[in-house]
1. Post the alpha-carbon centroid distance, the range 34-79 to the range 147-225, in whole angstrom.
2. Give a residue-ordered list of calculated ³J(HN,Hα) values for the range 113-129 (Karplus: 6.51 cos²θ - 1.76 cosθ + 1.60, θ = phi - 60°; whole Hz; x for Gly, Pro).
3. Taking 7 Å along the Cα-to-C-beta vector as the label spot, tell me the residue 187-residue 55 distance in nanometres, rounded to one decimal.
4. Residue by residue through the range 232-244, what is 3J(HN,Hα) from phi via Karplus (6.51 cos²θ - 1.76 cosθ + 1.60, θ = phi - 60°)? Round to whole Hz and write x for glycine and proline.
5. What are the ³J(HN,Hα) couplings of the range 188-195, residue after residue, when phi is run through the Karplus curve with 6.51, -1.76, 1.60 and θ = phi - 60°? Round to Hz, x for glycine and proline.
6. What is the sum of charges, Lys and Arg at +1 and Asp and Glu at -1, for the other residues whose Cβ falls under 13 Å from the Cβ of residue 59?
7. Could you work out how much longer the chain between residue 197 and residue 78 gets when fully extended? Use 0.36 nm per residue separation minus the Cα distance between them, nm to one decimal.
Amino acid sequence: MRAGRHVLSPIGTALFISLLLTLEWTAPASAYRPFDGTDAAVADLGEAKIQLQPAGELSAGSRNVLTGPYAVFDYGFAERWELVVEGAGQAPPAGGGPTPVSDEAMLKYVVQPGVLQGKPGPSIAAEFGPLLPNIGGSSMGFEWEGIVSQRWEWGTVHLNVDPELTRDHHGALFLDAIIEGPRTWSVRPVLEIYSDSVVSQSQTYSALVGAIWQVRDNLAFDMGLRYALVNGRPVNELRAGVTFGFPLSLGRPNGAEPSSAVPFSHR
């Protein structure tokens, strides 16, 4: 989610995604791209999801650069638990501020089931895990995130609070709010605003507007336009991607059904 990524093998990433694309798409996928934050939901037991941004464009000052590819793999390995593995195909451009995907392996747990799990009241979740070392480096960081989601007829709101120890051992704090349009709309507008502070290093304020097109239960496309101030310097970014879901039997007994019929969420 935050900056400070290492370079992954594009060939290995492509092979992994190609393999997963050969699976039958039957599990629901609720897109949470193109955001930097997330929601208080996890994949059902035995379900997996891939969020993919093949490429984007970032403009900082006089420079226009391509960003990505970014990929996120989510897997529901136990009731109310999800494994989240993120990777970037190239290092982020200098001065561009945080990017939506970091090299990390996280665990996400639904602390309090709520509206996103088909129950009354807000959903509350926590996500935590290590920030993996940069290529050629050995330093690791750690991230812990608290998430609250609530849904009404007019839309859904997700709030994120994320204290972090960066790879170079600086304290950081990420505060994020996501607002979505009505869930019943096949194309719903979205808005995200956040503040990302790294002590003695950087301050980023960001706003994103966009839309998510839910093609069917297991397939969604997204697009977002982001404007940010990174240490007072303006940054513009275009994001576009896809989210799809499928069943994956690892950790689920043969013949077992998913834990609920509620679509699992993005990260």
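A short reminder: the numbers here are calculations on the coordinates, not readings from a lab. Computed from a predicted structure; not experimentally measured. Note: ideal-geometry Cβ built from the backbone for every residue, glycine included; neighbour counts use all protein chains shown.
1. 11 Å
2. Once θ is set to phi - 60°, the couplings for the range 113-129 become x, x, 4, 6, 9, x, 10, x, x, x, 8, 10, 9, 10, 10, 8, x Hz.
3. Rounded to a tenth, the inter-label distance reads 2.4 nm.
4. These are the phi-based 3J(HN,Hα) values: x, 9, x, 9, 10, 9, 10, 10, 8, x, 9, 10, 9 Hz.
5. In residue order, the calculated couplings are 10, x, 9, 9, 9, 10, 8, 10 Hz.
6. Values: positive: 63, 226, 233, 239; negative: 57, 237.
That works out to +2.
7. On the way: separation 119, 0.36 × 119 = 42.84 nm, distance 3.33 nm.
Gain on stretching residue 197 to residue 78: 39.5 nm.
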